[in-house]
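Down below is the structure, laid out as structure tokens.
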Amino acid sequence: MKKYRLLMNGSNYLMAVDGKTVRQGFFQNMIIKADSPRQAELQAISRIWHDGELKARTLNPPENPQKVSLHTLWELDVAYDDSRIDMERTFYPEKKWWEFWK
């Protein structure tokens, strides 16, 4: 079994921010032990989809689902000290291209 560091990207998450519903995206580092990069990716996606805290904050209707994808993957040495890697989600406001000029 190998150890992987994955940078995951969530997008199209509708959330309440300051009393308004806004579209948010996020990046999150994850450390996964798996037999292959694909298995690591699937485990990371599953962890995000089943995260109770994130599900509770998300306001998406079924016809407008959120998305989760792999941004970057690194294979780590088994002895790599991953305690310095920040595993928290970093949210950012998502905008359509025309909203940048408002």
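Here are a few things to note about the model shown:
- Against the chain, whose longest principal axis comes from its Cα atoms, helix 37-49 is set at around 40 degrees.
- Most fluctuating residue given options 33, 20, 67, as computed from a GNM of the chain linking Cα atoms under 10 Å: 20
- Charged neighbours of residue 40, selected by a Cβ distance under 12 Å, balance to +3 (K, R count +1; D, E count -1).
- Estimated dipole of segment 45-88 in Debye, rounded to 20 [Cβ of Lys and Arg +1, of Asp and Glu -1, Cα centre]: 320
- Here the chain has 53 percent of its accessible surface on carbon and sulfur atoms, given a 1.4 Å probe and all protein chains in place.
- Computed from the Cβ-Cβ distance with R0 of 22 Å, the FRET efficiency linking residue 67 to residue 35 stands at 0.30.
- Lysine pair count for the chain (Cα-Cα distance under 19 Å; residues 8 or more apart in sequence or on different chains): 9.
- Dipole in debye (nearest 20) - the chain, about Cα centre, beta carbon charges: Lys, Arg +1; Asp, Glu -1: 300
- Cα pair distances exceeding 16 angstrom across the chain, given as percent: 61
- Largest-first ordering by accessible area, 1.4 Å probe, given options 82, 18, 77: 18, 77, 82
- Dipole axis of the chain (+1 Lys, Arg; -1 Asp, Glu on Cβ), positive-most option in 68, 40, 6: 68
- Computed lengthening from residue 77 to residue 57, 0.36 nm per intervening residue step minus Cα-Cα distance: 3.7 nm
- Working from label points 7 Å from Cα in the Cα-to-Cβ sense, the residue 9 to residue 84 distance is 2.6 nm.
- Cβ-based net charge around residue 51, under 11 Å, with every Lys or Arg adding one and every Asp or Glu removing one: +3
- Whole-number percent relative contact order across segment 2-93, with pairs defined as alpha carbons under 8 Å at least 6 apart: 45
The values are calculated or read from the model by the stated rules, or taken from the named source; none is laboratory data. Predicted model, so just to flag it, every value in this text is computed and none were measured. Note that each Cβ is placed from the backbone with ideal geometry, even for glycine, and that neighbours are counted across all protein chains shown. All accessible areas refer to the heavy atoms of the entire protein, side chains included, with ligands and DNA or RNA removed. Shrake-Rupley method; radii C 1.70, N 1.55, O 1.52, S 1.80 Å.
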